[in-house]
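Notes follow the structure.
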Amino acid sequence: MRNDRKISIIGAGHVGSHVGSALLAQGLCDQLVYLDTNRPMASAQADDLQDMVSFTSRQARVWAGDYSDLEDAGILVVCASGPICKEDRLEELEESVRVMDEIIPPLKASGFSGVVLVITNPVDLVARYLAVRLGLPWGRLLGSGTNLDTARQVRELSRRTGVAQGSIRGMVLGEHGESQVSCWSQVSAGGVPIARLMERDPVWKELDLAQMEDAARAAGWGILCGKGSTEFGIGNSAAQIIQAIQGGEGRILPVSVPVDGKAGGVFASLPCVLGKNGVERVLTPALSPEEQERFDRSLARMEEYWQTVKERSEQP
């Protein structure tokens, strides 16, 4: 029987370890199991996180396991990736697909029937590849998408206006990468649309939206170059998505899904209603003509890259 509070993570590196840390800190799991080809590292991460449990409000068991542990898991987080790390995430596709090809056979054989959250970059294409190869029902597999990019855009707005991050609303959509779209038409602070703020507020009038969009887009690469990995932001982004799935309260987040409603279609981020079975519904925002054009270009860019792995995705 599926246990929604049992979470498995494939990939025990920087990202996987911080996803686990965020889940435990927020009390989102009772069982947490790591799978990694580097078994000693997975065991060490599990032991380190088990030590952390002594300082959290909820008891949990953490261990390094194998694919047999997935049979009753409610959520699977895919973080595994190769050593390649590029400024343009799409250039990581070939190596990431190679890693997915190693994961897919034992995952299929495990009997897993829960929700899959993909984090491995390029996340939109890797999510699409896994969706096609695994054949899961629509909505049960999603990518972390632009949930983190949205937080980075909010961070830039907060820094430049002095408005608390929690008071700013808006979403980055499309690719988690170079063609992502900052949808300024959807941004507000305290419920006031950004267009109105830029007309009337002296602080907001000074904003250079193009510059902020570039800063948000480049934020991940800047962190990576500065410290060697990104981990805290994506760890908590994943925890927020998982909390929304577990809670089943209909929270809306920008995650990566098939934009045409078909499991094998192009994946990109749109506002999605999340629930117990993953993605419950996809909402279609009213974008400006320029934003819609850029969103369509983002889809076309990812479709172009998809053609390089499409034949491999059709393997039995």
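Ratio of the stretch 105-205's C-alpha Rg to 2.2 N^0.38 Å, to two decimals? Don't jump to the answer; show the numbers that get you there.
Working: Rg = 18.1 Å, N = 101, 2.2 N^0.38 = 12.7 Å.
In units of the 2.2 N^0.38 Å rule of thumb, it is 1.43.
Excluding residues fewer than 8 places away in the same chain, name every one of the lysines whose C-alpha is closer than 24 Å to that of residue 262.
Qualifying lysines at Cα under 24 Å: 108, 276, 310.
Output ³J(HN,Hα) for the stretch 166-177: one whole-Hz value per residue in order, computed from phi by the Karplus curve 6.51 cos²θ - 1.76 cosθ + 1.60 with θ = phi - 60°, and x for Gly and Pro.
x, 9, 9, 10, x, 9, 8, 10, x, 6, 7, x
Checking the a/c ratio against 1.5 first, then a/b against b/c, what shape does the Cα gyration tensor give for the stretch 88-143? List each step's numbers first, then the result.
Details: a/c = 2.48, a/b = 1.48, b/c = 1.68.
Oblate shape, in that a/c is at least 1.5 and b/c is the bigger or equal ratio.
For helix 209-227, report the angle its Cα long axis makes with the longest principal axis of the Cα atoms of the chain; keep it between 0 and 90° and round to the nearest 10°.
Between the helix axis and the principal axis of the chain, the angle is about 30 degrees.
Residue separation times 0.36 nm, minus the C-alpha to C-alpha distance between residue 277 and residue 195: what's the value?
On the way: separation 82, 0.36 × 82 = 29.52 nm, distance 3.65 nm.
Answer, rounded to one decimal: 25.9 nm.
Where does helix 123-134 land angle-wise versus the long Cα axis of the chain, in degrees 0 to 90, nearest 10?
Here the helix axis deviates by roughly 40 degrees.
What ranking, highest mean first, results for peptides 22-35, 51-64 when packing means the other Cβ atoms within 10 Å averaged over each residue? Write down the numbers at each step before the final one.
Values: 22-35: 21.6, 51-64: 13.6.
Ranking, from highest mean packing down: 22-35, 51-64.
Just want the answer: with Cβ charges of +1 for Lys and Arg and -1 for Asp and Glu, which residue in 182, 292, 161 is farthest toward the dipole's positive end in the chain?
The residue sitting most towards the positive pole is 161.
At R0 = 51 Å, how high is the FRET efficiency between residue 232 and residue 314 if r is their beta carbon distance? Nearest 0.05 is fine. Intermediate values should be presented prior to the final figure.
Values: r = 38 Å, r/R0 = 0.74.
Approximately 0.85, to the nearest 0.05.
Which residue, chosen from 134, 20, 225, occupies the Cα position most advanced towards the positive end of the dipole of the chain, where the dipole is computed from +1 (Lys, Arg) and -1 (Asp, Glu) charges on Cβ about the Cα centre?
20
Calculate, for residue 208 and residue 58, the FRET efficiency according to 1/(1 + (r/R0)^6) with r their C-beta to C-beta distance and R0 35 Å; round to the nearest 0.05. Mind showing how you got there, number by number?
Working: r = 44 Å, r/R0 = 1.27.
It comes to 0.20.
Return the ratio Rg/(2.2 N^0.38 Å) for the stretch 174-222, where Rg is computed over Cα atoms only.
Dividing the Cα Rg of the stretch 174-222 by 2.2 N^0.38 Å gives 1.27.
Report, in whole Å, the centroid distance computed from the Cα atoms of the stretch 16-54 and the stretch 238-316.
28 Å
One-quarter of the Cα convex hull surface for the stretch 177-316, in nm²?
Numbers: hull surface 45.3 nm².
Mean projected area for the stretch 177-316: 11.3 nm², to one decimal.
Need one number: nm distance between label points at residue 41 and residue 304, each 7 Å from Cα along Cα→Cβ, rounded to one decimal.
With each label placed 7 Å out from Cα toward Cβ, I get 3.3 nm.
Between the helical axis of 232-247 and the dominant principal axis of the chain, each derived from Cα atoms, what acute angle in degrees is found, rounded to the nearest 10?
Taking Cα atoms only, the helix is inclined about 80 degrees.
If you project the alpha carbons of the stretch 1-114 onto the principal axes, what extent comes out on each, in Å, largest first?
For the stretch 1-114, the Cα extents along the three principal axes come out at 41, 31, 23 Å.
Determine the shape class of the stretch 46-167: with a ≥ b ≥ c the square roots of the Cα gyration tensor eigenvalues, call it rounded for a/c under 1.5, and otherwise prolate if a/b is greater than b/c, oblate otherwise. Please report the intermediate quantities before stating the final value.
Values: a/c = 1.91, a/b = 1.22, b/c = 1.57.
Note, shape of the stretch 46-167 comes out oblate.
Along each principal axis of its Cα atoms, how long is the chain end to end? Whole angstroms, biggest number first, please.
On the principal axes, the chain reaches 59, 48, 37 Å in Cα extent.
Assuming a ≥ b ≥ c are the square roots of the Cα gyration tensor eigenvalues, decide whether the stretch 242-289 counts as rounded (a/c under 1.5), prolate (otherwise, with a/b larger than b/c) or oblate. Spell out each step's value before the answer.
On the way: a/c = 2.58, a/b = 1.44, b/c = 1.78.
Oblate is the answer for the stretch 242-289, as a/c is 1.5 or above yet b/c matches or exceeds a/b.
If N is the number of residues in the stretch 233-316, what value comes out of its Cα radius of gyration divided by 2.2 N^0.38 Å?
On the way: Rg = 14.7 Å, N = 84, 2.2 N^0.38 = 11.8 Å.
So the stretch 233-316 has a normalised radius of gyration of 1.24.
Where the accessible area of the chain is counted over protein heavy atoms with a 1.4 Å probe, how much of it, in %, is carbon and sulfur? All intermediate terms of the calculation are to be shown ahead of the outcome.
Working: 6750 of 13560 Å².
Its accessible area is 50 percent carbon and sulfur atoms.
Can you tell me the order of 66-76, 296-306 when each peptide is scored by its average per-residue count of other Cβ atoms within 10 angstrom, highest first? Please report the intermediate quantities before stating the final value.
Working: 66-76: 18.9, 296-306: 17.0.
Per-residue Cβ counts within 10 Å, averaged per peptide and sorted highest first, yield 66-76, 296-306.
Give me a comma-separated list of calculated 3J(HN,Hα) values for the stretch 270-284, in order, Karplus coefficients 6.51, -1.76, 1.60 applied at θ = phi - 60°, integers in Hz, x for any Gly or Pro.
3J(HN,Hα) across the stretch 270-284, in whole Hz: 9, x, 10, 7, 9, x, 4, 9, x, 8, 8, 8, 10, 9, 10.
First measure r as the distance between the Cβ atoms of residue 158 and residue 51, then evaluate 1/(1 + (r/R0)^6) with R0 = 35 Å and state the FRET efficiency to the nearest 0.05. Present the calculation step by step, with values, prior to reporting the outcome.
Numbers: r = 34 Å, r/R0 = 0.96.
My answer for the efficiency is 0.55.
Quick check on packing: order 242-255, 173-186 by the mean number of other C-beta atoms within 10 Å, highest mean leading. Show your work: numbers first, answer last.
Values: 242-255: 19.0, 173-186: 24.0.
Top of the packing list down: 173-186, 242-255.
Taking every DSSP beta bridge with both residues inside the chain, roughly what % is antiparallel (nearest 5)? Mind showing how you got there, number by number?
Values: 19 of 40 bridges.
Taking every DSSP beta bridge within the chain, about 50 percent pair in antiparallel fashion.
Per residue, how much accessible area does the chain have with a 1.4 Å probe, in Å²?
On the way: 13560 Å² over 316 residues.
Counting only protein heavy atoms, the per-residue value for the chain is 43 Å².
The values are calculated or read from the model by the stated rules, or taken from the named source; none is laboratory data. Bear in mind the structure is a predicted one, so any value in this text is a computation, not a measurement. Reconstructed Cβ throughout: ideal geometry from the backbone, glycine too, with neighbour counts over all protein chains shown. Keep in mind that these areas ignore ligands, DNA and RNA; they rest on the heavy atoms of the full protein, side chains included. Shrake-Rupley method; radii C 1.70, N 1.55, O 1.52, S 1.80 Å.
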